[in-house]
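K.L.:
One structure, as C-alpha cells, below. Some questions next.
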Amino acid sequence: MKQIKKGLQILFALGILCVANIFHLEAQTSKFPWPEGKKMALSLSFDDARKSNLELGIPLLNNYGIKATFFVLPSAVQANIGAWKEAIAAGHEIGNHSIIHPCSGNFPWARDKAIENYTLDRMQNELILANEQIRDLLGVTPLVYAYPCGQTFVGKGEFTQSLVPMVSSMFLAGRGAGNEVASDPFFVDLAQVTGMGMDEKSFKDILPLIESAQKNGQWLVLVGHDTKESGSQATYLNMLSELGAYINDPANGIWSAPIGTIAQYVKSAREAVSDTVNNPQLVRISSNGQLRLTAENGKGIGPEIKYMPDWRAFGWFTSKDKVVWDVDVPSGGVYEVWLEWSVSDEEAGKEFLLQAGDQSLKGIVDKSGSWETFKKKSIGKIPLKSGYVQIEFKPAVHFEEEALLDLKEITLKKVD
C-alpha cells in the first residue's frame, strides 16, 4: 500500500490525476491558484494623490483598462474632489496614506512630523481620522494602507514599536515601499505587502521584476508617485504605455487589479487551501492554548519524505527523513505530546524520536489499522523552555525500503 501511495504522488506531480476543485489541483504542486490560470498578479499603486495622476496617469491607465490603487492624503484630494470621484467610478481604488505623511526625521522636510516622535495611539488616531475624512470627501472608506516612506514603526531606540499589528487590525492590507522582492501569495503578511519602485524607470528596467514574478507565481506591487513624461519621483508615461500593452497580452499571463482586490483574493484562496498546502512557518499558540505542529506548517527534510496533500500528512520512505518545526513556546513547563498518525500493521512497531532543543522523547509507532486510518493518542510528556525552539520528529532506528508512519499532526498541551 505504501508503494501505491508513492506512485499516486508521482501521478499527482505529473498532473495526470484530475480534480474538480481548482484550489485542490493547485495545492498538489504548491502553485498559487491565480484566476484563469494566470502566472502572476500585478498591482500598480501611486502615492500622495498627485495632480499629474488625474491629468495624465489615470486617463492613460483607463485607455488600457488597468485599475490602480491611489494612496491619498485627505488634504491632497480636496482641490479635485470631482476628478477623484470619477477615478473611483472608473474602478480605481483609494487607499489611506495618513493625514500628514509622517516620515523619519532624517528627512529634513519631515523633522516637524518625525515618525520617531510618534506613539501608536497618535498614529492610530490619525489613521482613523484620515479614513473618516476620505469617506466624507469621496464616499469610500479605504481598505488598504501605504506606510509613508515605507516605514513600519514609531518611536526610536528602546521605545520603537511596530505599526504592523495595528495596520493588520484596521486594514485588509498594508503596502510597503523600497522592498527588494515581490510577495509570495502563500507566505506574505497582508499587513506588509512588499512594494517595488517604478519611478524614473523604463519598461526595460521593470521587465525583469515582472519576469521574476511570472516565474515564481508572485504578486508584484509597483510603487509610483507622479505620472509624467519625465522628472524626479515620476512614473514615466511611456513606461506605463509599454507596461499596459504587456499586461494586456494574454500570452504573458498577468492578472492586474488594485491591491485591495488581489489582497481579498489571496486571503480567500489561502483559507481555501490552508490545510492542503505545505507552507512551513513559525508555530504559535492557537486559540485553544495548544501548539499544533501540523504537516502543513512543518518542513520535510530528507531524500524521500513527501508532503501528501490528499492525506494532509508527511509520508516516510527512508530512515534519513525527518520533519522540523520552528516553534514559539509561550511559557515554559511540561507539555503532553499527542501524535496523529497512520501506519499499516506490517510497518508498525518502529521506534521514533521527538527532539526539542536538549530534550527528547522516544516511543514506538503503534498500529493504526491501515495507511488510510489515522489515530490520535498521547505519546508522553516533554519539558520545554519558553521562547524559540526547533522541534524534530524522526526515526530512532535505521531501516531500508520500509516506512515509519504517515504523520498528520503533533499537538503539545501544557499540563503544569
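K.L.:
So which residues in the range 298-308 are in a loop (DSSP other than H, G, I, E, B) and buried (at least 20 other Cβ atoms within 10 Å of the Cβ)?
P.N.:
Of the range 298-308, the ones in a loop (DSSP other than H, G, I, E, B) are 298, 302-305.
Result: Gly298, Ile305.
K.L.:
Kindly list, by first and then second residue, each pair from a residue in the range 91-120 that is over 14 Å from Gly150 (Cα atoms) and touching a residue at least 24 places away in the same chain (Cβ under 8 Å) to a residue that is part of a helix (DSSP H, G or I) and among the small types (Gly, Ala, Ser), limited to pairs with Cβ atoms under 6 Å and residues at least 6 apart or on different chains.
P.N.:
Final answer for the pair search is Glu93/Gly260; Ile99/Ala130.
K.L.:
Still on this model: Ser169 versus (1) within 17 Å of the chain's Cα centre (by Cα); (2) part of a helix (DSSP H, G or I); (3) surrounded by 13 or more Cβ atoms within 10 Å (Cβ to Cβ): which is the lone unmet condition?
P.N.:
Unmet for Ser169, out of (1) within 17 Å of the chain's Cα centre (by Cα); (2) part of a helix (DSSP H, G or I); (3) surrounded by 13 or more Cβ atoms within 10 Å (Cβ to Cβ): (3).
K.L.:
For the range 245-265, state whether one or more residues are within 25 Å of Val188 (Cβ to Cβ), out of contact with any Pro (no Cβ under 8 Å at 6 or more places or on another chain), loosely packed, with under 15 Cβ neighbours inside 10 Å and outside the structural domain of Leu54 (by TED's automatic domain parsing). Can you show your working first?
P.N.:
Narrowing the range 245-265 to residues within 25 Å of Val188 (Cβ to Cβ): 246-247, 252-265.
After this cut, where a residue has to be out of contact with any Pro (no Cβ under 8 Å at 6 or more places or on another chain) as well, the list is 246-247, 252-254, 256-264.
Narrowing further to those that are loosely packed, with under 15 Cβ neighbours inside 10 Å: 253.
After this cut, where a residue has to be outside the structural domain of Leu54 (by TED's automatic domain parsing) as well, the list is none.
Within the range 245-265, not a single residue is within 25 Å of Val188 (Cβ to Cβ), out of contact with any Pro (no Cβ under 8 Å at 6 or more places or on another chain), loosely packed, with under 15 Cβ neighbours inside 10 Å and outside the structural domain of Leu54 (by TED's automatic domain parsing).
K.L.:
Give just the number: which of (1) surrounded by fewer than 15 Cβ atoms within 10 Å (Cβ to Cβ); (2) at pLDDT 95 or above; (3) farther than 30 Å from Ile66 by Cβ does Val283 not satisfy?
P.N.:
Going through (1) surrounded by fewer than 15 Cβ atoms within 10 Å (Cβ to Cβ); (2) at pLDDT 95 or above; (3) farther than 30 Å from Ile66 by Cβ one by one, Val283 breaks only (1).
K.L.:
Here's another thing I want to ask about it. Look through Asn117, Asn80 and report the one residue that is modelled with pLDDT of 95 or more, surrounded by fewer than 18 Cβ atoms within 10 Å (Cβ to Cβ) and either more than 30 Å from Leu56 (Cα to Cα) or hydroxyl-bearing (Ser, Thr, Tyr) (or both). Talk me through it step by step, then tell me what you get.
P.N.:
Details: Asn80 fails: either more than 30 Å from Leu56 (Cα to Cα) or hydroxyl-bearing (Ser, Thr, Tyr) (or both).
After applying the criteria, what remains is Asn117.
K.L.:
What number of residues within the range 189-207 satisfy the criterion of being of a type outside the set (Lys, Arg) and surrounded by fewer than 19 Cβ atoms within 10 Å (Cβ to Cβ)?
P.N.:
Matching residues across the range 189-207 total 6.
K.L.:
Another question about this same structure. So Lys67 clears everything in (1) closer than 30 Å to Ala269 by Cα; (2) modelled with pLDDT under 95 except one condition, right? Which one?
P.N.:
(2)
The values are calculated or read from the model by the stated rules, or taken from the named source; none is laboratory data. Quantities reported herein were computed from a predicted structural model and do not represent experimental measurements. Because the Cβ atoms are built from the backbone with ideal geometry, glycine has one as well, and the counts that use them run over all protein chains shown.
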